[in-house]
Amino acid sequence: MKERKKPIDYALPLRHFVGIVFFFVIAVTCIQVISRYVFNRSLIWSEESVRFMVVWMCMLGCAVSNFDDDHMMINIIVERFPRPMQFTVYTVRQILIIVFCVACSYASIPLIKAAGTNRLGAIPVPAYTWRLAGTVGLAVQALMTLLRWFYDYGRFRRGEFCLKDADTEVAENAGKTEIRESANKGGEAK
């Protein structure tokens, strides 16, 4: 059987970015706690910068979740449909997600303009960058959803696509692991 190439993880740069931002959130928070309770001196920029990083991390982390198709869904009825019907329902869902993300991203542009370039608070960042996280994050979510659909379309064409409940998938994978382990033990006994 011909071995398939591993699919390209288009969300990998976002995964690295979110991981790096998460590291800085933890580091700045730890520095703030030590500064406040050990040295009795509070950092004026730490709380605002952590909040800023968390907003960007969440919006881009949602895009990674869209690419991984990890958002919450209830497939109890749909998973009983034949695969072509499952893929049709899945496609409609993906289209709705893309339309929602694009519409919200576009609707947030006037908010960015209204925020202006004035500085907010303690960190030297223009006011519009707070709202830019929503606009950029939603646009990237739409892109990641589209890329995921193309990936799943290829799986559908090869007959590999199937919507399953997470519990069903975990149970099936556990069963496959047990079968592989018993086959390995059987091979060693001979």
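Each reported figure results from applying straightforward, stated rules to the coordinates on display, with no laboratory input. Just so we're clear, the structure is a prediction, and the values are computed from it rather than from any experiment. Here the Cβ positions follow ideal geometry from the backbone for every residue, glycine too, while neighbour counts run over all protein chains shown.
Converting phi to 3J(HN,Hα) with the Karplus coefficients 6.51, -1.76 and 1.60 and the offset θ = phi - 60°, segment 116-128 yields x, 9, 5, 7, 10, x, 8, 9, x, 10, x, 4, 5 Hz in sequence order, with x at every glycine or proline. In segment 12-189, taking the dipole from charged Cβ atoms about the Cα centre, the farthest positive-side position among Phe81, Leu147, Ile123 is held by Ile123. Projected label points at Arg157 and Leu12, each 7 Å from Cα along the beta carbon direction, are separated by 2.2 nanometres. A crude spin-label estimate for the pair Ile95 and Ile44, with each label 7 Å from Cα along the Cβ direction, gives 5.4 nm. Annotation: the residues Ser65, Ser105, sorted from fewest to most other C-beta atoms within 10 Å of their own C-beta, follow the order Ser65, Ser105. Sequence-ordered 3J(HN,Hα) estimates for segment 21-31 from the Karplus curve with 6.51, -1.76 and 1.60 and θ = phi - 60° stand at 4, 4, 4, 5, 4, 5, 4, 5, 5, 5, 4 Hz, glycine and proline given as x.
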